[in-house]
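Trainee: The structure follows.
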Amino acid sequence: MSIFNSISVALNQKLEAYGLANPIDIAYENIQYEPTIGTNWVRPTVLPALSDVVGLRNNDIEIHEGVYQIDVFTGINQSKSVSLLTIDAISSYFERGLILTYSGVNVRIIRKSTGVSSRDGAWYMTSLFIDYQSII
């Protein structure tokens, strides 16, 4: 069982579902992407935290937690609302308590929050933080 890959794929598949239903480009980790000026896009990153074990034996429960960070890029000189509305729309796909599954690994969405917005070149970037947990 590939725990780390399964967690990443489960989260990315849910974001892909959003991308298929909404016209937005997704720049996945380690995949070449050149954004087009004037086109909004997102960049997901899986940020695993330290794993924990409940018990002392090899086959005891492992708890994997982390943050699925989705950076939302909109054009500069647009209203901040454009970015926040996109965050709200993506966030609705990752409801608290939602369980995503890939290759037998369940990933539960724990909470969501947003970060400080900033300019990044030709883009205005706001991050969505989705805390997840997987118990194996």
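Trainee: Might you check whether a residue that is in contact with a Pro (Cβ under 7 Å, 6 or more places away or on another chain), free of Cβ contacts under 8 Å to residues at least 60 places away in the same chain and closer than 18 Å to G115 by Cβ occurs anywhere in the stretch 77-86? Reasoning before the result, please.
Mentor: Applying the first criterion (in contact with a Pro (Cβ under 7 Å, 6 or more places away or on another chain)) to the stretch 77-86 yields none.
Checked the stretch 77-86: no residue is in contact with a Pro (Cβ under 7 Å, 6 or more places away or on another chain), free of Cβ contacts under 8 Å to residues at least 60 places away in the same chain and closer than 18 Å to G115 by Cβ.
Trainee: Are there any pairs with C-beta distances below 6 angstrom linking a residue in the stretch 117-135 that is within 13 Å of W41 (Cβ to Cβ) to a residue that is among the aromatic types (F, W, Y) and buried (at least 18 other Cβ atoms within 10 Å of the Cβ), with the two at least 6 apart or on different chains, and if so which?
Mentor: Note: pairs meeting the criteria are W123/F73; M125/F73.
Trainee: I'd like the residue in the stretch 93-109 that is buried (at least 16 other Cβ atoms within 10 Å of the Cβ) and in contact (Cβ under 8 Å) with a residue 24 or more places away in the chain and, out of all such residues, is farthest from the chain's Cα centre (by Cα). Give the derivation first.
Mentor: Taking the stretch 93-109 as the starting set, the residues that turn out to be buried (at least 16 other Cβ atoms within 10 Å of the Cβ) are 93-94, 100, 102, 105, 107, 109.
After this cut, where a residue has to be in contact (Cβ under 8 Å) with a residue 24 or more places away in the chain as well, the list is 93-94, 100, 102, 105, 107.
On the way: Y93: 11, F94: 9, L100: 12, Y102: 15, V105: 17, V107: 12 Å.
Selected residue: V105.
Trainee: Related question: Name the residue that is surrounded by the fewest Cβ atoms within 10 Å (Cβ to Cβ), counting only residues in the stretch 63-85 that are closer than 13 Å to L11 by Cα and not β-branched (V, I, T).
Mentor: First, pick out the residues of the stretch 63-85 that are closer than 13 Å to L11 by Cα: 65-70.
Still in the list and also not β-branched (V, I, T): 65-66, 68-69.
Numbers: E65: 17, G66: 22, Y68: 26, Q69: 15.
By that ranking, first place goes to Q69.
Values quoted throughout were computed directly from the atomic coordinates according to the rules given, and no laboratory measurement underlies them. Please read all numbers here as calculations on a predicted model, not as lab measurements. Methodologically, a virtual Cβ is constructed for each residue, glycine included, from the backbone with ideal geometry; neighbour enumeration extends over all protein chains shown.
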